[in-house]
Amino acid sequence: MDMESSKILLHRNNSLSDYSEVRTHEPLSDFESPLHSRNEKKINESELGIRSDDDDEFISADVKMILRKRRGWGHDDSLSANDLDLLGEDDDVLAEEDDAGCPLPSTPEDTQLIEAEMTEVLKAGVLSDEIDLGALAHNAAEQAEEFVRKVWEASWKVCHYKNLPKWLQDNDFLHRGHRPPLPSFSACFKSIFRLHTETGNIWTHLLGCVAFIGVACYFLSRPSVEIQFQEKLIFGAFFVGAIICLGFSFAFHTLSCHSVEIGRLFSKLDYCGIALLIMGSFVPWLYYGFYCHYQPKVIYLSVVCVLGCLSIIVSLWDKFSEPAFRPLRAGVFMCFGLSGVIPAIHYGVMEGWFSQISQSSLGWLVLMGFLYILGALLYALRVPERWFPGKFDLWFQSHQLFHILVIAAAFVHYHGISEMAMYRVTVGECTVPHEPITF
């Protein structure tokens, strides 16, 4: 059996040497090589059981020489696909000869090569560990931050006015029930289902916005036989102003506790919405009030647009939303609304007071102006919490009353302009010709 193993080793060594020479010097093919022929002859003789003593001595000498000259396997000793196929065929032959043969001794390794490879492996492992550790630390920090944020959003409690940051301190007559800063949009919107000082302000204008959206959809969806397209545009200006005003107000009171920047942004949008509501309210009644008087109608509508733009510009001033300028805010919008007194007096003198109050529903417009002014006064004076500090923290505070009066005034105005439109439809076309605009 030892002699057979030696023959196999010799055969493999000769084959590998022959393959290396073939790749380097490109001689004859492997099957035409003399060494391959000699080895094939030896294998055939072994298969036939023919062996001589000279052959045994020759094989032993070759094996000893091979073992002395063997070296470590290097990168230059890699085999091609063709070599691997030939070795595979040799393995099949050896397996058929003796299934119980013992494995060949392993090839000695180069110590320096092993150390170099181990060093590279260790370096790669250390680097990969550092990357993994960094990624794990980053992910852990993100998860911890997310966890803390969710816990804070779910467990925040209302606080006292004195514990609020300065940018959230607006009304010092409201002592308890304030929201703390909630730097998350989801937390701010979830807070509308919690009880705090802004709950009433949020829901009054949220429900009012939804109500006006429903009324607008119903009105604008009427067929042209009932409501003409021109009337839809006139009423549409009022609907747009009301929906934007109530929607921006709802958004501001919901997100005011998010951050300084978000609170300031939506505060400006809230005041711009008020200006748009006043502008939209002027359009229908000026249109129907001066329906047959083209020149004053155009002049008044132009003046309203200019005043509305000025109010919006003032509302974009950063300090306009500060608590110290609360009377200024109320005064700006009150003056803008009271500017409608001038066209109302003109309208009454031109058409007659009593007839126009009964025919054109001017009384509804007067009631609308009264409600707006009353709400603005309550807002500016902070009544009733000024008289009873800490007693109206959650309900019936001045800002909530102001919201309720704004919604009531808007619906009163809608009813009034509807009466004016019905009167115009009943009367029919104008008997007075359009007057040219003269200056």
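Solvent-accessible area of Thr426, probe 1.4 Å, all protein chains present, reported in Å² to the nearest ten, please.
My reading of the accessible area for Thr426 is about 110 Å².
Probe of 1.4 angstrom, ligands and nucleic acids ignored: what's the accessible area per residue over the range 185-427, in square angstrom?
Averaged over the residues of the range 185-427, the accessible area is 46 Å².
Report Tyr294's accessible area, 1.4 Å probe, all protein chains in place, as a number in Å² to the nearest 10.
About 100 Å², rounded to the nearest 10.
On a 22 Å Cα-Cα criterion, which of the cross-link pairs Lys232/Lys297; Lys166/Lys319; Lys162/Lys268; Lys166/Lys268; Lys268/Lys319 come out too long?
From Lys232/Lys297; Lys166/Lys319; Lys162/Lys268; Lys166/Lys268; Lys268/Lys319, over 22 Å: Lys162/Lys268.
What FRET efficiency do you get for Val366 and Val314 if R0 is 22 Å and r is their Cβ-Cβ distance, rounded to the nearest 0.05?
Efficiency, rounded to the nearest 0.05: 0.25.
Ordering Phe396, Phe336 by how much accessible area each has at a 1.4 Å probe, largest first, what is the list?
Sorted by accessible area, descending: Phe396, Phe336.
May I ask for the Rg/Rh ratio of the range 185-427, computed from Cα atoms with Rh as the Kirkwood radius, given to two decimals? The partial results should precede the final answer.
Values: Rg = 18.6 Å, Rh = 18.8 Å.
With Rg and the Kirkwood Rh in hand, the quotient comes to 0.99.
Just the number, please: carbon plus sulfur as a percent of the accessible area of the range 185-427, 1.4 Å probe, no ligands or DNA/RNA counted.
76 percent
Working with all protein chains in place, sort Tyr414, Tyr218 by solvent-accessible area computed with a 1.4 Å probe, largest first.
Per-residue accessible area, sorted high to low, gives Tyr218, Tyr414.
Two-decimal Rg/Rh of the range 152-206 from alpha-carbon positions, Kirkwood Rh?
That ratio is 0.94, to two decimals.
Heavy atoms only, 1.4 Å probe, whole protein assembly: order Val425, Val406 by accessible area, highest first.
Per-residue accessible area, sorted high to low, gives Val425, Val406.
The values are calculated or read from the model by the stated rules, or taken from the named source; none is laboratory data. Computed from a predicted model, the values in this text were never measured in an experiment. Don't worry about glycine lacking a Cβ; one is built from the backbone with ideal geometry, like all the others, and counts go over all protein chains shown. Accessible surface is based on the protein model in full, side chains and every heavy atom, while ligands, DNA and RNA are left aside. Shrake-Rupley method; radii C 1.70, N 1.55, O 1.52, S 1.80 Å.
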